[in-house]
1. Quick one: would you say A106 is aliphatic (A, V, I, L, M) and over 30 Å from S174 (Cα atoms)?
2. Taking the stretch 78-137 as the search range and keeping residues that are of a type in the set (K, R), surrounded by 13 or more Cβ atoms within 10 Å (Cβ to Cβ) and farther than 15 Å from A157 by Cβ, which one is nearest to the chain's Cα centre (by Cα)?
3. Could you go through the stretch 151-173 and let me know if any residue there is in contact (Cβ under 8 Å) with a residue 12 or more places away in the chain, in a helix (DSSP H, G or I), acidic (D, E) and open to solvent by 70 Å² or more (accessible area, probe 1.4 Å).
4. Just checking, does the stretch 52-59 include any residue being under 30 Å from I168 (Cβ atoms) and either open to solvent by 100 Å² or more (accessible area, probe 1.4 Å) or outside any helix (DSSP H, G or I) (or both)?
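The values are calculated or read from the model by the stated rules, or taken from the named source; none is laboratory data. All of these numbers come straight from a predicted model, not from anything done at the bench. Here the Cβ positions follow ideal geometry from the backbone for every residue, glycine too, while neighbour counts run over all protein chains shown. For the accessible areas, the whole protein counts, side chains as well, though only heavy atoms, and no ligand, DNA or RNA atoms are used. Shrake-Rupley method; radii C 1.70, N 1.55, O 1.52, S 1.80 Å.
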Amino acid sequence: HATVVQLRGTNVSLTADTTGLKRRRIRLDRGIRKLRATNRKLVREIDHLNIADATLAKKIDSLRHSYRAQKNLEAQLAADRSGLQHNTKTLKAENRALKAQLDTNAVDRDSLARQLTTLREIETMRQQLYRSQHGSRLNLLTARNSRLETERNLDIAAKRAIELRHQIAGAVASRDSY
């Protein structure tokens, strides 16, 4: 192809071989198509990364929520454990106190039983003296009253022992239920 160009009043004819330019244009067009394909691929990857980023953000939020829930649960369990330890200590102390009361009660019942034996002997002696008219009715009634009072106290102590055993069993059951 010849192209005529006028330069300062003179016509100049230029002839150029465009074959090289056409090849270069074809290569450039191929390169542009590759760049466009690469661009589309990169856009898809960016979109995929944005979706993955959003999914990851949701998972992170979910993990944070789970972590907080776990920490709250751990705190609650620690508080429960502390309360349980306190209750266990309290129940053990109560159990020891009840056993001490039961031991004291056993000593009291033993003492009252010995005292009752003596009071029965005294009452028998006062009754014999009263019958033989060497003792007064007042002394006999006083001896009888002492014996009856001691029997009553022994009966109360025996019932208290039963009550203490039930309380100990209840305290043990409460402790074991924890």
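1. Numbers: aliphatic (A, V, I, L, M): yes; over 30 Å from S174 (Cα atoms): no.
Considered against the rule, which asks whether it is aliphatic (A, V, I, L, M) and over 30 Å from S174 (Cα atoms), A106 comes out as no.
2. First pass over the stretch 78-137, keeping only residues of a type in the set (K, R): 81, 89, 92, 96, 99, 109, 114, 120, 126, 131, 137.
Right, trim to surrounded by 13 or more Cβ atoms within 10 Å (Cβ to Cβ) and you get 92, 99, 109, 120, 126.
Filter again for farther than 15 Å from A157 by Cβ, leaving 92, 99, 120, 126.
Details: K92: 21, K99: 31, R120: 61, R126: 70 Å.
Filtering the stretch 78-137 for residues that are of a type in the set (K, R), surrounded by 13 or more Cβ atoms within 10 Å (Cβ to Cβ) and farther than 15 Å from A157 by Cβ, the one nearest to the chain's Cα centre (by Cα) comes out as K92.
3. Start the filter on the stretch 151-173 by keeping residues that are in contact (Cβ under 8 Å) with a residue 12 or more places away in the chain, which leaves 151, 153-154, 157-158, 160-161, 164-165, 167-168, 171-172.
Next, only the ones that are in a helix (DSSP H, G or I) stay: 151, 153-154, 157-158, 160-161, 164-165, 167-168, 171-172.
Retained after the next criterion (residues that are acidic (D, E)): 151.
Cutting the leftovers down to open to solvent by 70 Å² or more (accessible area, probe 1.4 Å) gives us none.
No, that holds for no residue.
4. Restricting attention to the stretch 52-59, the residues satisfying the condition of being under 30 Å from I168 (Cβ atoms) are none.
No - not one qualifying residue is present in the stretch 52-59.
Yes/no matrix, rows are residues, columns are (1) open to solvent by 100 Å² or more (accessible area, probe 1.4 Å); (2) of a type outside the set (K, R); (3) modelled with pLDDT of 85 or more:
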position: G9; (1), (2), (3): no, yes, no
position: L14; (1), (2), (3): no, yes, no
position: R23; (1), (2), (3): yes, no, no
position: A37; (1), (2), (3): no, yes, yes
position: R68; (1), (2), (3): yes, no, yes
